[in-house]
Amino acid sequence: MPGPFGAATAVSRTGDGAYAADLDASYSVMGKPNGGYLLAIVARAATEHLAATGVAHPHCLAASASFIRVPECGPASIAVEVHRTGTKISHVSAHISQEGRVVVDALLSCGRLASETPVHHQDSDPPALPPVEECEPRVPAGGAPGKGISIMDRVELRIDPATSGFAKGEVADEAEIRGWFRLADGEPFDAFSLLFASDALPPATFQIGSSGWVPTIQLSTYVRALPAAGWLTARVRARTVAGGLVDEMCELWDVDGRVVAQAVQLAMVRFER
């Protein structure tokens with residue numbers, strides 16, 4: 001039986017390269033499906049389609065998606081096209097549609113992650129965090145599914161107090177949020193839920209005073225390794241904020257200190273005058 005995340009990202013085949021999904025309101029922000037969650041659904045459809053055509057590439061290694069329209073929770077269709085398959089990598093495109101209109105358009109590179117991935121070079125170590133019990137209490141969802149930040153009922157995020165000033169109305173000099181992160185209900189991370197995790201932290205610009213929703217325009221994620229069991233160390237940073245746009249980077253490390261996923265996104269941002 002799949003865990004909660006596996007069930008929420010399940011797809012069913014409806015034709016050649018065609019799949020159906022039900023976008024779960026439990027994985028939404030203010031009633032709109034989270035971008036990383038949508039990327040995970042697209043990746044599941046792509047890898048299931050590869051398997052159906054006899055290609056054993058069960059993991060999405062890289063995904064890049066443009067969010068063309070704001071989708072709604074509920075039924076959606078997914079179209080998958082394989083452009084090339086090789087020994088190690090398959091290149092696939094896929095898009096999510098609702099009511100006949102494309103809402104998410106993605107390119108994916110799929111393959112197989114090794115159970116143990118040696119690290120030859122890693123230029124970014126995980127930040128030193130206080131023990132989990134000394135971090136902020138679990139971030140609440142603030143409402144029933146489809147209301148508030150519903151994804152916070154599906155994860156446990158314990159923010160480093162040094163980067164939690166935004167929750168108290170404080171404005172910091174650095175746009176960075178970091179903390180401990182895991183799925184609720186103890187479900188282990190896999191290559192699909194890492195795509196979701198890479199977009200599940202609060203926007204880093206909250207630390208420097210941004211307000212309201214920060215909608216993603218484009219999101220690119222690399223899945224580097226299947227993590228060891230336990231908490232992930234998560235850090236999201238805003239690099240350049242200008243012209244109503246921000247580019248953010250999210251990095252995730254497992255308990256062994258390995259980078260397991262990296263993501264960068266361009267999003268819209270606003271600051272109240």
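Below, the figures for the structure above:
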quantity: Filtered residues of the stretch 139-159 (kept if part of a loop (DSSP other than H, G, I, E, B), surrounded by 15 or more Cβ atoms within 10 Å (Cβ to Cβ) and at negative phi); calculated: Val139, Ala141, Pro145, Ile149, Arg154
quantity: Hey, Ala228 at pLDDT below 95 and under 20 Å from His59 (Cα atoms) or not; calculated: yes
quantity: Residue among Ser97, Ser66, Ser93 that alone is open to solvent by less than 40 Å² (accessible area, probe 1.4 Å) and touching an Asp or Glu at 6+ places or on another chain (Cβ under 9 Å); calculated: Ser93
quantity: Residue match in the stretch 243-254 (condition: open to solvent by 20 Å² or more (accessible area, probe 1.4 Å), in contact (Cβ under 8 Å) with a residue 40 or more places away in the chain and either assigned to a loop (DSSP other than H, G, I, E, B) or in contact with a helix residue (DSSP H, G or I) (Cβ under 9 Å, 6 or more places away or on another chain) (or both)); calculated: no
quantity: Boolean, Leu195 is touching a residue at least 24 places away in the same chain (Cβ under 8 Å), open to solvent by 60 Å² or more (accessible area, probe 1.4 Å), within 26 Å of Asp105 (Cα to Cα) and not in a loop (DSSP other than H, G, I, E, B); calculated: no
quantity: Residue selected from the stretch 85-128 under the condition in a loop (DSSP other than H, G, I, E, B) and in contact with a strand residue (DSSP E or B) (Cβ under 7 Å, 6 or more places away or on another chain), by the criterion farthest from Ala46 (Cα to Cα); calculated: Pro127
quantity: In the stretch 11-36, residue farthest from Phe67 (Cα to Cα) [restricted to those that are assigned to a strand (DSSP E or B) and charged (D, E, K, R)]; calculated: Arg13
quantity: Residue satisfying all of: in the stretch 43-63; touching a residue at least 24 places away in the same chain (Cβ under 8 Å) and assigned to a loop (DSSP other than H, G, I, E, B); least open to solvent (accessible area, probe 1.4 Å) among these; calculated: His57
quantity: Top-ranked residue of the stretch 198-216 - restricted to ones that are over 12 Å from the mean Cα position of the chain (by Cα) and not in a loop (DSSP other than H, G, I, E, B), ranked as surrounded by the fewest Cβ atoms within 10 Å (Cβ to Cβ); calculated: Ile208
quantity: Cross-chain or 6+ apart pairs with Cβ under 6 Å, the stretch 206-221 first and over 15 Å from Ile149 (Cβ atoms) and in contact (Cβ under 8 Å) with a residue 12 or more places away in the chain, then open to solvent by 30 Å² or more (accessible area, probe 1.4 Å) and part of a helix (DSSP H, G or I); calculated: Gln207/Phe166
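The values are calculated or read from the model by the stated rules, or taken from the named source; none is laboratory data. Keep in mind that what you see is a predicted model, and the values were worked out from it rather than measured. Every residue, glycine among them, receives a Cβ derived from its backbone with ideal geometry; neighbour counts consider all protein chains shown. The area values use the complete protein model at the heavy-atom level, side chains included, leaving out ligands, DNA and RNA. Shrake-Rupley method; radii C 1.70, N 1.55, O 1.52, S 1.80 Å.
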